[in-house]
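Here is the structure we will look at.
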């Protein structure tokens, strides 16, 4: 059984009768020692789905799922107190902007020791020793003197290391990293990712790496989940997705990578933006931006289906040559919208 | 830290000159001659009038009078009251504890009630509890003190008879002032029931005086709290699996209080201004009532001295608030 099992997770905001689905029936699972990469543009529901896993979606947000289990325990059904015992201990999360993730009023030491106190107890001395050990583990130079530092005295990279130390303090079995490097310098980014992967390997954690950096997941993740406008568009093993994307959106994302634009005058882009609450297409959510979209894409919404061992949400998944399949002859000839 | 303290103390000097200048000239703009006031209805003949003028120095040019006054102040001499002939500073010190006691109670009332109300409103944002607290605080803020105080007296003292109408202590008791603070003096005295009496006298003036600061603090706490609750570190704190109460009381409130403390400091000035009205209405023997009476009699030295002392007090409180600010907010502490 997988460590984290998510089945048809839906997160809705707004009124009951006209809700906005930030996350729409997303399913995935993460196992011990596995790295799952979740990719997608801004607004694709990556963060919201992981906040739902953490139990951090507040009213008026509504979280529903056919199954949301951690190590066999139903997260949605359990009382709030029991859930908090899991959150922060067994499942931990790292957030995007380390500079705002630390409370400006408390020292580094106090913030790390707090999680330890809540979940593991022990004496203050033990907690302090463990904190020092953690700071060493995340590669903070001169950790003793950093213990009593306040967040405003730390650089971004340093803060992110502290945030990571805070997250792994109670030896979580699943770590969710929500764009952990977006706010950092390029040179620091690689260091932080290396650190995360090393920690993941050493302790056999499950790791969910949320990012919009495809190059990053290609190196780090075992499996990849492509999300768009709250929906799962494609999922499968990382290397095979990179070798042969099945969904037109994945294909377009890959083509937008600078290294794949060699020989072109310009970087290739995907025109338009992710639809928001008020401009949802009636058919496939990608239809207005998809180069292969036709009449049926505009009128009907595709379901996720199995295609060559990959989950794909598309009427015309791509073949190995990157051409849409299943188009009837007349549709393939120039009825593209 | 020390440098900061000296800089702030340096700021007090120009403020001091400003206050003396304003007070000295403004009260002389009020119509009414202090000598004629003292003479009363029978009046005074021209020769005696001139004699008195010379005695009080009113025959000098006003600039000279001002510098004479300043020189006195520098030597710690605030002059003597025209009415009681006692040194102003002496009278001030006798009455001051009553005002301080009332002000402390007022600010305590405001903080103890205002901060939790603001927090409550913030965490129940948009629900009835939020609307209720905010409309109550807006009403409190808009209420003129004198009217509010009269309403309180009419309802609680006259109609219900729960509290005394005025004064600091029932006439049944006699307390020798040791600290000047009635609550403390009655507590350490042997008179049974005196403390309860002092406490009951305290209630209405405290409420009347503390209402406006309470309303301001509640609104400030609410908006500051709302801002902090939207911060990322609050989400991080929740992601640690902390209980909601700990997230709110430790992680959010500590940050939310930073601007609130500034407001509390500013409210002390409002409080002292309010004390003048409150003391007059409740016959509270403090400096507020004392200054009002001095104004009616054109008792220049008393008014000047009283206002100067209040100005110093407000400056002192603001200095304390600034120092406190550094303790609460580590970002400021380390900048020095």
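Every number in this text was worked out from the coordinates using simple rules, so none of it is lab data. Since the model is a prediction, treat every value here as computed from it, not as a measurement. Cβ: placed from backbone, ideal geometry, glycine included. Neighbour counts: every protein chain shown.
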Checklist entry - Over chain B, one equal point on each Cα, no solvent: what is log10 I(q)/I(0) by the Debye formula at q = 0.07, 0.15 Å⁻¹? => result -0.39, -1.29
Checklist entry - With each run of n ≥ 4 DSSP H residues scored as -39500 (n - 2.57), what mean residue ellipticity at 222 nm is computed for chain A after dividing by its residue count and rounding to the nearest 500 deg cm²/dmol? => result -9000 deg cm²/dmol
Next on the checklist: Would you report the distance distribution of C-alpha pairs in region B:1-140 as whole percents per 10 angstrom bin, up to the bin with the largest distance?
Outcome noted: 8, 21, 23, 18, 16, 9, 3, 0
Checklist entry - Given a cut-off of under 8 Å on Cα pairs at least six residues apart, what relative contact order in percent is computed for region B:88-333? => result 29
Checklist entry - Shielding of A:118-127 by partners, i.e. mean partner chain Cβ atoms within 10 Å per residue? => result 1
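Report, as a whole number in µm² per second, the diffusion coefficient that Stokes-Einstein gives for chain A at 25 °C and 0.890 mPa s using the Kirkwood radius over alpha carbon pairs. Let's see the in-between values first.
Details: Rh = 21.3 Å.
Reported coefficient: 115 µm²/s.
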Checklist entry - So what are the radius of gyration and Dmax for the Cα set of region A:84-171, in Å? => result 11.8, 33
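Other chains near A:79-91: what is the mean number of their Cβ atoms within 10 Å of each residue's Cβ? Write out the running numbers ahead of the final one.
On the way: counts 0, 2, 2, 0, 1, 6, 1, 1, 5, 7, 2, 1, 2.
Shielding by partners across A:79-91 averages 2.
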Checklist entry - Taking only the alpha carbons of region B:275-336, what extent do you get along each of the three principal axes, in Å, biggest first? => result 51, 25, 12
Item to check | region B:132-221 - Debye-derived log10 I(q)/I(0), Cα point model, q = 0.17 Å⁻¹ | outcome: -0.79
Item to check | Which of A:210, B:327 has the fewest Cβ neighbours within 10 Å, and the rest in rising order | outcome: B:327, A:210
Item to check | Where N is the number of residues in region B:197-333, Cα Rg divided by 2.2 N^0.38 Å | outcome: 1.39
Checklist entry - Once the Cα atoms of the protein assembly as shown are picked out, what are the Rg and Dmax in Å? => result 35.7, 124
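Within 10 Å of each Cβ in B:240-249, how many Cβ atoms from other chains are there, averaged over the peptide?
Taking the mean over all residues of the peptide, I get 5.
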Checklist outcome for this item: Most exposed to least, judged by fewest other Cβ atoms within 10 Å, A:247, B:124, A:119 sort to B:124, A:119, A:247
Checklist outcome for this item: With Cα coordinates, the longest principal axis of chain B makes an angle with the long axis of helix B:194-229, in degrees rounded to 10, of 50
Item to check | Degrees between helix A:124-137 axis and first principal axis of chain A (Cα, 0 to 90, nearest 10) | outcome: 50
Checklist entry - How far is helix A:156-167 tilted, in degrees, relative to the longest principal axis of the Cα atoms in chain A, given as a value from 0 to 90 rounded to the nearest 10? => result 80
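Order by neighbour count: B:201, A:212, fewest other Cβ atoms within 10 Å first, most last. Before the final figure, lay out each step's value.
Working: B:201 22, A:212 16.
In order of increasing Cβ crowding within 10 Å: A:212, B:201.
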Next on the checklist: Bin width 10 Å, origin at 0, all Cα-Cα pairs of region A:247-332: what percent of pairs per bin?
Outcome noted: 16, 44, 32, 8
Checklist entry - Can you give me the relative contact order of region A:4-227 as a percent, contacts being Cα pairs under 8 Å and 6 or more apart? => result 31
